[in-house]
Amino acid sequence: MDYIDPHIHMVSRTTDDYATLSRMGCVAMSEPAFWAGYDRGSVDGFRDYFRQLTETEPARAAQFGIQHFTWLCINAKEAENVSLSREVIAMIPEFLDRPNVLGIGEIGLNKNTKNEATVFLEHVDLAVQHDQSILIHTPHLEDKFQGTKMILDMLCDDQRIDRGRVLVDHVEEHTISEVLDRGFWAGMTLYPVTKCTPERAADMVERTGGERLLVNSAGDWGPSKPTAVPDFIFEMRRRGHSEALIRKVVYENPVAFFSQSKHFQFAPRS
Ligand SMILES: [Zn+2]
């Protein structure tokens, strides 16, 4: 089945992974900007990273027939450096016209601090000023419930935000309902150690019906599995779900969400 992985960090994956994903049916992917595993020291470090996301990765993906899209930001882990964050936010518009950029992300909270909230709101303002969609990172484990609530409250307090253009990622059983009920899109991240398994994701599709719901691998440099979306497809089939429902979650929903970004020129396989 053709599918789209809406959240995967290909800068930290090998070319062999592109080859495998292509053979498993991946036709498009989107790559949010994230933490490199170390704090970058200057705005030029981010400028180079954004060139990698808008030049190198689309070319690498195209070799395997995969369309590569991206989202730009400075992530929440580096937001404690507010002055560097502001330099990066001021530089991002240099890249917003690049043909594979879908919006601002993954922005959000990590430890739910005041500086993180400040930098989050300045990213939101940037997105509104430039008519960009938004991709949200919600915190891990013990910080997730509180952090998700803080993020949703900040977004709902801003009347300029079109909630239909915001994807809130890494939802779990205790956060998914509030995200969907408030009118946002929700992403489930399939991770081998934390976050969500294919079985739990299938449970959540059964509970919610799959409306405004996406599933991703978030494949990155840590313990993660870039082929996690095919695992989800397999689990849904094992449970006897229709191909139409599976396709909605792994293909039609990402297309519908991404189509709100002006650069999402997608050529489906005929
Ligand atoms: Zn991520």
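Only residues that are touching a residue at least 12 places away in the same chain (Cβ under 8 Å), of a type outside the set (Asp, Glu) and over 30 Å from ALA244 (Cβ atoms): list them for segment 14-40, please.
Across segment 14-40, the qualifying residues are THR15, ALA33, PHE34, TRP35, ALA36, GLY37, ARG40.
Go through segment 208-231 and give me each residue that's of a type outside the set (Gly, Ala, Ser) and either surrounded by fewer than 21 Cβ atoms within 10 Å (Cβ to Cβ) or farther than 20 Å from LYS248 by Cβ (or both).
THR208, GLU211, ARG212, ASP220, TRP221, PRO223, LYS225, PRO226, THR227, ASP231
With the requirement that a residue be in a helix (DSSP H, G or I) and closer than 18 Å to ASP5 by Cβ, what does segment 60-100 give you?
ARG60, ALA61, ALA62
Taking the condition at pLDDT 95 or above, surrounded by fewer than 17 Cβ atoms within 10 Å (Cβ to Cβ) and of a type in the set (A, V, I, L, M), does MET154 pass?
yes
Does any residue of segment 179-194 turn out to be within 18 Å of the chain's Cα centre (by Cα) and charged (D, E, K, R)?
Within segment 179-194, not a single residue is within 18 Å of the chain's Cα centre (by Cα) and charged (D, E, K, R).
Residues of segment 1-20 being within 16 Å of the ligand (Cβ to nearest atom) and either outside any strand (DSSP E or B) or among the aliphatic types (A, V, I, L, M) (or both), which ones?
If the condition is that a residue be within 16 Å of the ligand (Cβ to nearest atom) and either outside any strand (DSSP E or B) or among the aliphatic types (A, V, I, L, M) (or both), then ILE4, PRO6, HIS7, ILE8, HIS9, MET10, VAL11, SER12, ARG13, ASP17 are the ones that fit.
Counting only residues that are in contact with an Asp or Glu (Cβ under 6 Å, 6 or more places away or on another chain) and away from the ligand (no atom under 16 Å from the Cβ), give me the helices (runs of 4 or more DSSP H) lying completely in segment 140-220 with at least 2 of them.
198-208
The values are calculated or read from the model by the stated rules, or taken from the named source; none is laboratory data. In this text the structure is predicted, and so the values were computed from the model without any measurement. When we count neighbours, we look across all protein chains shown, and the Cβ atoms used for this are built from the backbone with ideal geometry, even at glycine.
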